[in-house]
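Let me begin by presenting the structure, written as structure tokens, before commenting on it.
The values are calculated or read from the model by the stated rules, or taken from the named source; none is laboratory data. These numbers come from a predicted model, not from an experiment. Cβ: placed from backbone, ideal geometry, glycine included. Neighbour counts: every protein chain shown. Note: accessible area is taken over every heavy atom of the protein model, side chains too, but ligands, DNA and RNA are not part of it. Shrake-Rupley method; radii C 1.70, N 1.55, O 1.52, S 1.80 Å.
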Amino acid sequence: MNKPWILGLTGGIGSGKSAVAAHFSDLGVHLVDADQAARWVVEPGRPALAKIAEHFGSAVLQADGQLDRAALRQRIFDNPDERRWLESLLHPLIGQEISQYLAKAESPYAILVSPLLIESGQYRFTQRVLLVDAPETVQIQRTMQRDKVPEEQVQAILKVQASREERLKHAHDVLLNDRDLNWLRAEVERLHNFYLTLRGGQP
């Protein structure tokens with residue numbers, strides 16, 4: 001059997017990336033979520049968590065020994081040096097975790113779902129990139145509704161994510177998600193049937 005090729009699936013906040021990923025999963029495609037991998041590497045008992053606690057102090061741990069993400073975010077938010085330190089620790093570990101899970105794929109192709117596919121360089125794991133895109137006004141509306149947050153907060157997140165131009169530069173396929181869920185499902189199925197014809201992500 002041919003080794004599955006890897007599709008990178010990305011999109012800005014509120015683009016509908018999760019809905020697209022869920023439908024690919026329903027079609028039997030093996031998914032690896034980079035956000036989950038990022039959570040696994042900092043679980044209690046894993047070396048990364050011990051290093052984080054050593055570096056930032058026990059204030060970034062909850063009483064049960066889990067990582068206090070909000071406290072850690074606070075520490076690195078306005079401090080680029082600390083953020084870089086954390087990224088240089090975590091990115092290679094997350095990369096290893098992603099590779100291990102992708103290697104378990106048994107579908108003809110596997111998908112790496114990552115909001116930071118471009119920014120983190122994770123697109124290098126992939127042979128092809130699918131960008132889920134949506135007009136910024138739609139992204140803002142969806143995120144405000146979903147997360148119950150003010151518009152300024154969504155704008156701040158959009159600013160630190162890769163720009164639309166940057167994502168489009170890396171994308172082989174673009175799914176403009178500005179219609180209803182039935183249309184989105186039909187588009188995912190169309191792409192899936194196309195991907196099944198590919199070898200190594202190339203026509």
- Query: Among the residues of the stretch 159-176, which ones are part of a helix (DSSP H, G or I) and of a type in the set (D, E, K, R)?
  - Reply: LYS159, ARG164, GLU165, GLU166, ARG167, LYS169
- For ASN182, work out the one condition from (1) farther than 17 Å from ILE13 by Cα; (2) over 15 Å from the mean Cα position of the chain (by Cα); (3) in contact (Cβ under 8 Å) with a residue 60 or more places away in the chain it doesn't fulfil. (3)
- From (1) open to solvent by 80 Å² or more (accessible area, probe 1.4 Å); (2) assigned to a helix (DSSP H, G or I), pick out the condition that doesn't hold for ARG179. (2)
- Which pairs have Cβ atoms under 8 Å, sit 6 or more apart or on different chains, and link a residue in the stretch 33-47 that is within 18 Å of ARG73 (Cβ to Cβ) and open to solvent by 70 Å² or more (accessible area, probe 1.4 Å) to one that is assigned to a helix (DSSP H, G or I) and modelled with pLDDT of 95 or more? GLU43/LEU49
- Checklist (1) modelled with pLDDT under 95; (2) surrounded by 19 or more Cβ atoms within 10 Å (Cβ to Cβ) applied to LEU7, failing item: (1)
- Subset of the stretch 84-127 [hydroxyl-bearing (Ser, Thr, Tyr) and over 16 Å from ASP35 (Cα atoms)]: SER88, SER107, TYR109, THR126
- Message: Could you check the stretch 144-176 and list, in sequence order, the residues that are touching a strand residue (DSSP E or B) at 6+ places or on another chain (Cβ under 9 Å) and open to solvent by 90 Å² or more (accessible area, probe 1.4 Å)?
- Response: HIS172
- Query: Cβ-Cβ below 7 Å, separation at least six or inter-chain, first residue in the stretch 110-128 and touching a residue at least 12 places away in the same chain (Cβ under 8 Å) and in a helix (DSSP H, G or I), second buried (at least 18 other Cβ atoms within 10 Å of the Cβ) and of a type in the set (Phe, Trp, Tyr): which pairs?
  - Reply: none
- Message: I'd like to know if the stretch 86-101 contains one or more residues that are touching a His at 6+ places or on another chain (Cβ under 7 Å), open to solvent by less than 30 Å² (accessible area, probe 1.4 Å), within 21 Å of GLN122 (Cβ to Cβ) and not hydrophobic (A, V, I, L, M, F, W, C).
- Response: no
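Can you tell me which residue within the stretch 48-73, out of those that are acidic (Asp, Glu) and open to solvent by 80 Å² or more (accessible area, probe 1.4 Å), is farthest from GLY95 (Cα to Cα)?
Result: ASP64.
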- Message: Criterion first (open to solvent by less than 20 Å² (accessible area, probe 1.4 Å) and modelled with pLDDT under 95) does ILE111 satisfy it?
- Response: no
